[in-house]
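For reference, the structure is listed below as structure tokens.
The values are calculated or read from the model by the stated rules, or taken from the named source; none is laboratory data. Note that the coordinates shown come from a computational prediction; the quantities given were computed from them, not determined experimentally. Using ideal geometry, Cβ is built from the backbone for each residue, glycine included, and neighbour counts are taken over all protein chains shown. Protein only, heavy atoms only, side chains kept; ligands, DNA and RNA dropped before computing areas. Shrake-Rupley method; radii C 1.70, N 1.55, O 1.52, S 1.80 Å.
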Amino acid sequence: MKIVDAQVIVTSPSRNFVTLKVVTEDGIYGLGDATLNGREQAVVAFLREHCVPALIGMDARNIEDIWHYFYRGVYWRRGAVGMAALSAIDVALWDIKGKALNTPVYNLLGGKSRSSVAVYGHASGRDLPHALDRVAEYLDMGYRYIRVQAAVPGVKDSYGVQKGSGSYEPAKKGLAPVETWDSSRYLRFAPQLFEAVRAKFGFDVHLLHDVHHRCTPIEAARLAKSLEPYQLFWMEDPCPGELQEALRLIRQHSTTPIAIGEVFNTVYDYTTLITEQLIDFVRLPPAHGGGITHAMKTAALAGVYQVRTGFHGATDFSPVGMAASLHVDLTINNFGLQEYMGHDPLVSEVFRAPYHYEHGALHLSDAPGLGVELDEVAAAKFPYDPACLPVARLEDGTLWNW
Ligand code: KDG
Ligand code: MG
């Protein structure tokens, strides 16, 4: 089953998406999501210049070997750009295999372990009372897992809080906007926020919170300890994760469960974290973590150490990337939870997603392959629209983690 063509399609129905379409000699094609928020064109160039020429002529059936060709065979391995490209290649090949065998990808990964995929939504408030209103809205929509964020009093730009109307998208047009941050105000406010949420809604709903890499390890340990009474389902990205040993400090001080790794690239970013059981959930999804092939391996290592998955599912991922996550989520035993933000309605003019939300879960169709369809004519109506993620500075100007 020779690969005869591969195209990189960039479209921006409300935000940018990069899709790889791989075509085989018998006319079967597969889709992979290569979107890397704010760095889209780097992945496009890497795919077009370096991957597509090598891909043409390969046998699409040999997913494992092709994966290693583009990982082990590449001297400059790993990194966000390279792994987003490899992820797209891998997911497109799984899509092809499923279509060729006329079965959904989850059947090829071991079959269903559950009938639907539990998801969490984002309740983000302009202030604390607004956050409480947002939690009530999510409960009304049937969500049983809710991420809660709110603007921190006295901090100009808190993470995850929508400015103005419309859906939350952190990337902005032009060069990176500069946001201002203050960890000490945040550390005082976060327990007050969760105290208020538990006082109003009780303990039946699962609550999550994203620290978004803002704390130092000892600050994160303090925060995890101060949030313990509110029994979070997880506290996410408490501090930057590149120093895996830093997570030991948090564990020494608190039993608040930790989720980490939406900015990781491979299982190697997780080895200390998983084998020392310093975390509870891996966030790296197939679309950024080497595709379905590598996500299954990361999940397998995590499973051995009783760590579960909680894949990143921001709007950064197209329905192709989301579908790849859902096929894995449905299959693996150590699934934990899936993030789901939902796309702007314009996105459905370009991508037909194979999943729908109902009763706190995403339900995936049994269409062959991934099940996603891409309307290339519609995609061409939404040209690339450059946008960049912000950078964060402290009040004195010191550059901080965004
Ligand atoms: O592109 C950046 C977003 O993916 C990120 O800010 C979202 O942290 C995020 C999350 O948990 O969804
Ligand atoms: Mg996050």
*Using θ = phi - 60° and the Karplus relation 6.51 cos²θ - 1.76 cosθ + 1.60, list the HN-Hα couplings for region 143-160 in order, rounded to whole Hz, with x at every Gly or Pro.*
5, 10, 10, 9, 7, 10, 9, 8, 4, 7, x, x, 9, 5, 10, 8, 5, x
*Could you calculate the FRET efficiency of ALA54 with TRP400 from 1/(1 + (r/R0)^6), where r is the beta carbon distance between them and R0 is 41 Å, rounded to 0.05?*
0.55
*Using a Förster distance of 45 Å, the FRET efficiency for TYR384-ASN333 (Cβ separation, nearest 0.05)*: 0.65
*Taking Cα atoms, how many degrees apart are the long axis of helix 319-331 and the longest axis of the chain, rounded to 10 and kept between 0 and 90?*
80
*HN-Hα J in Hz across region 87-97 - Karplus 6.51, -1.76, 1.60, θ = phi - 60°, x for Gly and Pro*: 4, 5, 4, 4, 5, 4, 5, 5, 4, 4, 4
*Provide Rg over Rh for region 174-288; use the alpha carbon set for both Rg and the Kirkwood Rh (inverse mean inverse pair distance).*
0.99
*For GLU228 and ARG77 in the same chain, what is the full-extension length gain: residue separation times 0.36 nm, less their Cα-Cα distance, in nm?*
50.4 nm
*Express the carbon and sulfur contribution to the solvent-accessible surface of the chain as a percent, rounded to the nearest whole number, probe 1.4 angstrom.*
52
*Once you have the Cα-Cα distance between VAL178 and ALA136, take 0.36 nm times their residue separation minus that, and quote the gain in nm to one decimal.*
11.9 nm
_Centre separation in Å (Cα based) which lies between region 93-129 and region 259-304_ = 17
_Using only alpha-carbon positions, what ratio does the radius of gyration of the chain give when scaled by 2.2 N^0.38 Å?_
0.95
*Computed E for ASP5/LEU346 - FRET, C-beta separation, R0 22 angstrom, nearest 0.05*: 0.20
_Nonlocal amide H pairs with LEU337, under 5 Å, H built at 1.01 Å_ = THR309, GLY310, PHE311
*asked:* Would region 330-402 count as rounded, prolate or oblate if I go by the C-alpha gyration tensor, calling it rounded below 1.5 in a/c and otherwise prolate when a/b exceeds b/c, oblate otherwise?
replied: oblate
_Lys pairs, the chain - Cα-Cα below 26 angstrom, 8 or more residues apart or on other chains_ = 21
_Extension gain from ALA45 to ARG188, taking 0.36 nm per residue of separation minus the Cα-Cα distance_ = 47.0 nm
*Specify whether the C-alpha gyration tensor of region 3-104 places it in the rounded, prolate or oblate class, a ≥ b ≥ c being the square roots of the eigenvalues: rounded for a/c under 1.5, otherwise prolate if a/b is larger than b/c and oblate if not.*
oblate
